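Colleague: Mind looking over this structure? Questions follow.
The values are calculated or read from the model by the stated rules, or taken from the named source; none is laboratory data. As the structure is a computational prediction, the values presented were derived from the model and not from experiment. Quick reminder, even Gly has a Cβ in these numbers, built from the backbone with ideal geometry, and neighbours come from all protein chains shown. Each accessible area value is taken on the protein alone, full model and side chains, heavy atoms only, with ligands, DNA and RNA left out. Shrake-Rupley method; radii C 1.70, N 1.55, O 1.52, S 1.80 Å.
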Amino acid sequence: MEKVLFAHVDNPQQHRIETYLAAGGYQALPKILREYKPDDVIDLIKKSGLRGRGGAGFPAGMKWSFVPKTSPKPKYLCCNADESEPGTCKDRVLMESDPHLVVEGIIIAAYAIQAHQAFIYIRGEFVFPAARMEQAVEEAYARGYLGKNILGSGYDLDLVVHTGGGAYICGEETALLSSLEGDRGLSRIRPPFPAIEGLYGCPTVVNNVETLANVPLIVNRGVDWFRSHGTEKSPGTKIFSLSGNIKRPGNYEVDLGTPLSYIINELGGGVPDGRTLKAIIPGGSSTPLLLPHQIDTPLDFESVAQAGSMLGSGAIIVIDDGACMVWTAMKLINFYQHESCGKCTPCREGTAWLKQLINRIEDGNGRPGDIDLILDICGNIMGRTICPLGDAAVMPTESIIKLFRNEFEYHIEHKTCLVKTSYPLA
Amino acid sequence: MILSGDTIRQIKARMDRYPTRRSAILPALTAAYRQVGHLNPAIYREIARVMDVPYIEIAEAASFYTMFPKHEVGRYLIQVCHNISCSLRGADNLIAYIESKLGIALGETTSDKLFTLISVECLGGCSAAPMMQINDTYYENLTRARVDEIIAQLRTEAGQDGG
Ligand SMILES: Cc1cc2nc3c(=O)[nH]c(=O)nc-3n(C[C@H](O)[C@H](O)[C@H](O)COP(=O)(O)O)c2cc1C
Ligand code: FES
């Protein structure tokens, strides 16, 4: 399968601007500035069908078109490089190995919405990827791809690399904006959507790293080429982060619509010898689980939804028969409780109650009725929170209970695991 | 003064790059953390003075972001990921191994002040699990042997600098 975003992932010098230029980099930007009006860029990306790679799969061109053209306010573009959804580790590889591809995508997107200031919000722990992006930004300024009057076009753009402070919620677009404004990373009620009222109250587009990295490729190679990858409704390729109980974990780029089984068995080599597959989290820790019989599900937004889950960020977490599912649920809910920003009650209190209940079952102190109580709390969080973090906590929790209720019942009755989790350290 | 001239210069340079000075609060906290190794109210007061924003805004923001320790930690802050992908590859045992190796429990610091051990949420190294971060560096695909090697290497490094 053709690697597109990862075409140069194995070249250890690709992060240098000379290498990027030699490989045909920064050819999309001059073409755009010379031949395309901002609206033409939006049209191009709309026609390509490019959908957001950060989790929700929202069409990128359509998002850009929501930015009001007549607004006198400044506009902003934010590249979301917070990458904190458990299982997800792909944006980091893009930033480390091909940072200029991301920078070029940011400049073109910013031009399309006529922003003169853009930000890359990188999670604070990513010291090395952030250094790579800083270096790429400096090189781009030095060559006139950023700054005043870019390539003599009259278009100005400043780009700032901004690092976070260790908070999952800051990947959620409205919390990201609060954080960028210097506040605690609290999410905000939508509407107003960021495209209308975002950073500093001004029209703002937030896009994922991988989404933006696709943009120069679409400009260079055209809509038809882009659509020759993937499916009708989910065109293009996607980087999947494969992790968990798998022989060859890693980041793999394949066409959208590729069967899950191809990634798990062909690329990943299947579960370790002597183990059997128990469940798969297909789109990052926030998505409902799939069972082994669903392993042929094509990985595009529609097919995964039809199978009862979500493509999400494309983080495939493989779980084998060595895992107790109460333990699995506990690992997940402990995370969501820790990361809830605390602004709204259903999420703040709800995740804390879920954590308490699931931990007490795991510890052998579960009581009859606890399972239904968990499901009741889930029902009172779902859809009732300011941002989707609450839903993100509920979806895997409900799904695990629905699919593996017997393990929870066993735990409550026998005060111990049906399956003893055992993953030794090599 | 706790903040060095260099840190203050970094903070001021950052303030010039944003439409509002408040946007430089997180970069300022980061710069201070990189210099000092942790944050505390005395540091917030200095940042507030340098940036000319109210103390409470600095303190409030700082309290939200868990990446910055709020009290002194060892020279090497070991942060082991305990989230799902790492747990499926032995993170619980990794933590136990480091605890026994250093003779401390999670949250504690060795008596020589060299190592502090904590566990953290997903660090975006899931495909190379189990993994940990020590100060600014990621260590991935960890095994007992690799952990032994890393700890020994850091001890040597510290020894060379006179502890
Ligand atoms: C709790 C939460 C965490 C999120 N974390 C990230 C993240 O780390 N990176 C990301 O790109 N999007 C993340 N998102 C999605 C963003 O809110 C937003 O939809 C996305 O950045 C838009 O970019 P896209 O349209 O290019 O996908 C998160 C959403 C939620 C609810
Ligand atoms: S789960 Fe450990 S780095 Fe992601």
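Colleague: What number, in nm² with one decimal, is the all-direction average of the projected area of the convex hull of the alpha-carbon atoms of region A:260-306?
Modeller: 3.4
Colleague: Calculate how steeply helix A:345-362 sits against the longest principal axis of the alpha-carbon atoms of chain A, using the helix alpha-carbon long axis, and give the answer as 0 to 90 degrees to the nearest 10.
Modeller: Between helix and principal axis, roughly 40 degrees.
Colleague: For A:ILE122, what charge total do you get from the other residues with a beta carbon under 12 Å from its beta carbon, if Lys and Arg give +1 and Asp and Glu give -1?
Modeller: -3
Colleague: Using the heavy atoms of the protein chains alone and a 1.4 angstrom probe, what is the accessible area of region A:155-288 per residue in square angstrom?
Modeller: Accessible area per residue, region A:155-288: 28 Å².
Colleague: How long are the semi-axes of the ellipsoid equivalent to chain A, from square roots of 5 times the Cα gyration tensor eigenvalues, in whole Å, largest first?
Modeller: Calculated on Cα positions only, the semi-axes equal 39, 24, 18 Å.
Colleague: Okay, moving on. Counting Lys and Arg as +1 and Asp and Glu as -1, each charge on the Cβ, what is the dipole of region A:1-158 about the Cα centre in debye, to the nearest 20?
Modeller: That gives region A:1-158 a dipole magnitude of about 580 debye.
Colleague: On to the next question. Quick check: Cα centre of region A:201-235 to Cα centre of region B:133-152, how many Å?
Modeller: Here the answer is 37 Å between Cα centres.
Colleague: Give, as a single signed number, the net charge of other residues whose beta carbon lies under 14 Å from the beta carbon of A:ILE196, with Lys and Arg counted +1 and Asp and Glu -1.
Modeller: Net charge in that neighbourhood comes out at +4.
Colleague: Need the per-residue list for region A:136-184: every residue with at least 50 Å² less accessible surface in the complex of protein chains than in the chain by itself, probe 1.4 Å, sorted by number.
Modeller: A:VAL160, A:HIS162, A:GLY165, A:GLY182, A:ARG184
Colleague: Another question about this same structure. Quote the charge dipole size of the protein assembly as shown about the Cα centre in Debye, to the nearest 20; the model charges only the Cβ of Lys and Arg (+1) and of Asp and Glu (-1).
Modeller: 860
Colleague: Kirkwood-based Rg over Rh for region A:48-156 (C-alpha set), two decimals?
Modeller: 0.97
Colleague: Hey, what angle do you get for helix A:370-381 against the long axis of chain A, alpha-carbon based, 0 to 90 degrees rounded to 10?
Modeller: Tilt relative to chain A: about 30 degrees.
Colleague: Just to check, using Stokes-Einstein with a Kirkwood Rh over alpha carbon pairs, what's the diffusion coefficient of region A:236-341 at 20 °C and 1.002 mPa s in µm²/s?
Modeller: Answer from the Stokes-Einstein relation: 155 µm²/s.
Colleague: Counting just the Cα atoms, what span does region B:1-107 cover along each of its three principal axes? Round to the nearest Å and put the largest first.
Modeller: 47, 28, 23
Colleague: Follow-up question, since we're still on this one. Which of the residues in region A:381-426 show a loss of at least 10 Å² in accessible area from their chain by itself to the complete set of protein chains, at a probe of 1.4 Å?
Modeller: Residues losing area: A:TYR423, A:PRO424, A:LEU425, A:ALA426.
Colleague: Here is a further query. Note down the net charge around B:GLU99, summing +1 for each Lys or Arg and -1 for each Asp or Glu among other residues with Cβ under 15 Å from its Cβ.
Modeller: With Lys, Arg at +1 and Asp, Glu at -1, the net is -1.
Colleague: Add -39500 (n - 2.57) for each DSSP H run of 4 or more in the protein assembly as shown, then divide by its residues: what number comes out at 222 nm, to the nearest 500 deg cm²/dmol?
Modeller: After summing the helix terms and dividing by the residues of the protein assembly as shown, the value is -13000 deg cm²/dmol.
Colleague: Could you state how much accessible area is buried at the B-A interface, both sides summed, with a 1.4 Å probe, in Å² to the nearest 100?
Modeller: 4300
Colleague: Tell me the Rg and the Dmax, in Å, that the Cα atoms of region A:125-253 produce.
Modeller: Using the Cα atoms of region A:125-253, the pair Rg, Dmax is 17.9, 53 Å.
Colleague: What does the convex hull of the Cα atoms come to per residue for region B:76-157, in Å³?
Modeller: 77
Colleague: Hey, any idea what Rg/Rh is for region A:290-426, computing Rh the Kirkwood way over Cα pairs?
Modeller: Dividing the radius of gyration by the Kirkwood radius yields 0.97.
Colleague: Of the accessible area of region B:5-64, with the probe set at 1.4 angstrom, what percent is carbon plus sulfur?
Modeller: Of all accessible area on region B:5-64, carbon and sulfur atoms account for 50 percent.
Colleague: Could I ask something else about it? Looking at the protein assembly as shown only, what percent of DSSP beta bridges run antiparallel? Nearest 5 please.
Modeller: Roughly 45 percent of the beta bridges in the protein assembly as shown run antiparallel, per DSSP.
Colleague: Report, to two decimal places, the Cα Rg of region A:17-227 normalised by 2.2 N^0.38 Å (N = number of residues).
Modeller: Cα Rg divided by the expected 2.2 N^0.38 Å: 0.93.
Colleague: A follow-up question, please. How many percent of the accessible area of region A:31-75 is carbon or sulfur, using a 1.4 Å probe?
Modeller: Reported share for carbon and sulfur atoms: 58 percent.
Colleague: How big is the gap, in Å, between the Cα center of region A:355-426 and the Cα center of region A:254-327?
Modeller: Computed from Cα coordinates, the inter-centre distance equals 20 Å.
Colleague: Helix A:209-221 versus the longest principal axis of chain A: what is the Cα-based angle in degrees, 0 to 90, to the nearest 10?
Modeller: It works out to around 40 degrees.
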